[in-house]
Amino acid sequence: MASDPRKIDPPKLDPRSLKPSETCRLLNSTPLAEVINERQLHRHRTRAGFRIGDGKTVDLFRYVAWLVATRHEPKPEPAEDELSGYDAVRERARERNKALSLSGRNIGELPPVGNSERKRRCTESFKAFCDTYFPQTFHLPWSDDHLKVIAKLETAVLEGGLFAMAMPRGSGKTTLCETACLWAILIGARPFVCLIGSDEEHAASMLESIKSELENNDLLADDFPEACYPIRCLEGIHQRASGQLHKGEPTHIGWTAKEIVLPTIEGSAASGAIIAVAGITGRIRGMKRKRPDGQSVRPSLVLIDDPQTDESARSPSQCAARERVLAGAILGLAGPGQKIAGLMTVTVVRPDDLADRILDRDKHPQWQGERTRMVYSFPTNEALWARYAEIRAEGLRADRGLGQATAFYKRNRRNMDEGASVAWPARFNHDELSAVQHAMNLKLQDEAAFWAEYQNEPLPEVAADDDLLTPEQIAAKTNGMPRSVAPIGCTRATAFIDVQGKLLFWLVAGWEDDFTGYVLDYGAWPDPKQSYFTLRDARRTLLTEFPRAGQEGAIYAGLEALTGDLLGKAWRRDDGTDLRIDRCLIDANWGQSSDLVYQFCRQSAHAGIVMPSHGRYVGASSIPFNDYKRKRGERVGLNWRVPLVAGKRAVRHVLFDTNYWKSFVHARLAVPMGDPGCLSLFGREAGRHRLLADHLTSEYRIKTEGRGRTVDEWKLRVAGIDNHWLDCLVGSAVAASMQGAVLFGTDQRAKPKPRVRLSELRRAKA
């Protein structure tokens, strides 16, 4: 009879020498289902001592005998003065809970080292450490690039220094660096490790990987019981850490989401070692900890994993800001006179981004940048690979997969591989035949992504629209006027407030009659006190300013404070005349804030100046504002209108075409200085406007056709990028149009109808 394919043969175990985990799994493999867990087994081992095992393993037969003897042990007769009934039950429960608490806190003796020779070998060699304790993670043969990187990681950990590397995606560079940090603390080479990511959440995910190995890696636990055994005794309950004892002394173990402290064990190389996390844009300076012996320690090893995001890589000012953080705050973590060891993994997103500059040994020689590639030379037979690409595309379109393309490659493999040199010959998928085919499949799938993520040589970017200004060009368009001072030609001033959950972004602009504009001032409320910041990483927020208020209450209070400052201020003109803001529009599109903004505008002390606004996305297929039929009592202007209001809001508001006005603003920025309709920035220093320039260039336009017309449709370059000051400048321009500013050729005011006299009508009827 054939055997049941669903039946799984149990592994061969020695019942005289079982690991605790094996004991639980074996006992729970009966039809009775779960009968014991590791926590219960730990209590039994503590009570029975060496009667049921050697401290490291369990003798199943002796364990069962101990359970039977304990079960049938005669209970002593209670003395006359002993408690009885409910009081006795309660007292026994109290004593039992006390014993359980003590047994849970006191971890007892440490298990012996599983293999001292193996531990010694792995302590001396980082490669041996990876091969021995992480066979499932590093299961493929090492490439020459891997061996080079491993050697540099070992040198950085043992001797100090900095090392930055860019490896193809999927090469395991982050895992290698995490393993290097774990090795550094276990062997006692680096007592304080700091993990830094593009943000704190990213860094915390690296810490979770290290925690998982300390908790679950059996091979690691066998040879490093001084570090792993106390962690396992927590059984995943981090609240137990504060009361854990070893030989009656606290272990001072720490186990939180953002930091771990290894147990303080006499004779342990990793005693009291610390691993903490931080985001590159967060608080890094002054990172130090106090050890139980009273000694203050600072980070001696820093792992920086992908310090840039897609958003920051496309912003020169963000790249520069993060570059300064790397050179200053991070490298100074070790304190004065101390040499820090730094490991950094990077991915080059675009030319001259942060990663590209760090890897350049001419610009940053201290980082010893290493840039590896998936392919060092490509196949020379382009004709066969062109045919392969056609067969591959046909198979994917017909849902047949890569089978036919792989068969073609198999028949012509020798000729198709000619001239190719790949970094990692063992890297290819199960439906592929070689690393060469794997690399070419990735290249055919998305060439731009292949060159950036696998070759670390991103292709030059092509501008979405050649006539759009770059951030550098916008930042350099300064007019020399002092901040908050308008030129003599300004006849009106307008403002716009962009409402976000954390911050209120604002901008004030001055305008001449012909729409020549000047950015007088801009900022965020509350003031982040940072030269460069993003909405996501802002530390000072509306809720920190008004901690007792809810979200809506904080926004209302922030609007009240900001408008009081902007609208109550006299904006000086160059001739000494005071300008007042004529119109301030407030964005009413964020989340659930629409009703709140309407309420504020109705109740504000500046109700005659402030007005809710709604930007409308009018695409090529949408009905243009120019085709809108004006109703009696409505105001209509250049792609904006103020409709009649009714209902509970009962506040007039303005609607405007965001696509049109974004094109309008960018056209004003492109006008040369001195020409009518030019838009410029205050001051003389281009560097102070880099963040503003990033916001103004956060979107690109594409021309689309529909309804017989061609329009610009604006889209974010990167999802989630900050564009708030672009919205503010657009809103300020709309407000200027509402106050009468007119650009030549855009005056859409309707010609007045000629008056008809009553006598003329009577003559016409006659």
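Throughout, read-outs are computed from the coordinates displayed, never taken from laboratory work. Since we're looking at a predicted model, the values are computed, not measured. In this analysis, Cβ positions are derived from the backbone assuming ideal geometry, glycine residues included, and neighbour counts consider all displayed protein chains.
What the table shows:
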{"read-out": "Ranked by how many other beta carbons lie within 10 Å on average, peptides 343-351, 393-401 from highest", "value": "343-351, 393-401"}
{"read-out": "Among Leu681, Tyr376, Ala203 the positive-end extreme of the charge dipole of the chain (Cβ point charges)", "value": "Leu681"}
{"read-out": "The stretch 471-738, dipole about Cα centre (Lys/Arg Cβ +1, Asp/Glu Cβ -1), debye to the nearest 20", "value": "640 debye"}
{"read-out": "Contact order relative to length of the chain, as percent, for alpha carbon pairs under 8 angstrom and 6 or more apart", "value": "10 percent"}
{"read-out": "Principal axes of the stretch 10-71: Cα extent on each, largest first, Å", "value": "28, 23, 19"}
{"read-out": "Per-residue HN-Hα couplings for the stretch 175-187 [Karplus 6.51, -1.76, 1.60; θ = phi - 60°; Hz; x = Gly/Pro]", "value": "4, 4, 5, 4, 5, 5, 5, 5, 4, 4, 7, 5, 8"}
{"read-out": "Under-5 Å amide H pairs with Arg635, H placed in peptide plane, nonlocal only", "value": "Val642"}
{"read-out": "Using θ = phi - 60° and Karplus 6.51 cos²θ - 1.76 cosθ + 1.60, couplings along the stretch 350-360 (whole Hz; Gly, Pro as x)", "value": "8, x, 6, 7, 4, 5, 4, 6, 5, 6, 6"}
{"read-out": "Between helix 60-71 and the chain: long-axis angle, C-alpha atoms, 0 to 90°, nearest 10", "value": "90 degrees"}
{"read-out": "Contact order normalised by residue count of the stretch 471-738, Cα under 8 Å, 6+ apart, percent", "value": "27 percent"}
{"read-out": "Protection proxy ranking of 673-681, 695-703 - average other beta-carbon atoms within 10 Å, highest first", "value": "695-703, 673-681"}
{"read-out": "Neighbour-count order for Asp727, Asp521, fewest beta carbons within 10 angstrom listed first", "value": "Asp521, Asp727"}
{"read-out": "Relative contact order of the stretch 10-71, defined on C-alpha pairs under 8 angstrom at six or more residues apart (%)", "value": "39 percent"}
{"read-out": "For Trp66, Trp640, order by how many other beta-carbon atoms lie within 10 Å, fewest first", "value": "Trp66, Trp640"}
{"read-out": "Helix 551-567 vs. the chain, principal-axis angle (Cα, 0 to 90°, nearest 10)", "value": "40 degrees"}
{"read-out": "Positive-end residue, the chain charge dipole about Cα centroid, Cβ charges, pick of Val718, Ile253, Trp661", "value": "Trp661"}
{"read-out": "Low-density loop positions, chymotrypsin sites (Phe, Trp or Tyr not before Pro), the stretch 533-628 - DSSP coil, at most 10 other Cβ in 10 Å", "value": "Tyr617"}
{"read-out": "P(r) of the chain over all Cα-Cα pairs, binned every 20 Å from zero, in whole percent", "value": "13, 32, 31, 18, 5, 1, 0"}
{"read-out": "Two-site FRET efficiency, Arg105 against Ala327, from Cβ-Cβ distance with R₀ of 45 Å, rounded to 0.05", "value": "0.45"}
{"read-out": "Charge dipole (debye, nearest 20) of the chain; +1 at Cβ of Lys and Arg, -1 at Cβ of Asp and Glu", "value": "2440 debye"}
{"read-out": "Residues whose placed amide H lies under 5 Å from that of Phe515, excluding near-sequence neighbours", "value": "Val742"}
{"read-out": "Burial ordering of Lys443, Lys715, fewest other beta-carbon atoms within 10 Å first", "value": "Lys715, Lys443"}
{"read-out": "Degrees between helix 382-397 axis and first principal axis of the chain (Cα, 0 to 90, nearest 10)", "value": "90 degrees"}
{"read-out": "Long-range HN-HN contacts of Leu520 with modeled amide H, under 5 Å", "value": "Val508, Ala509, Gly510"}
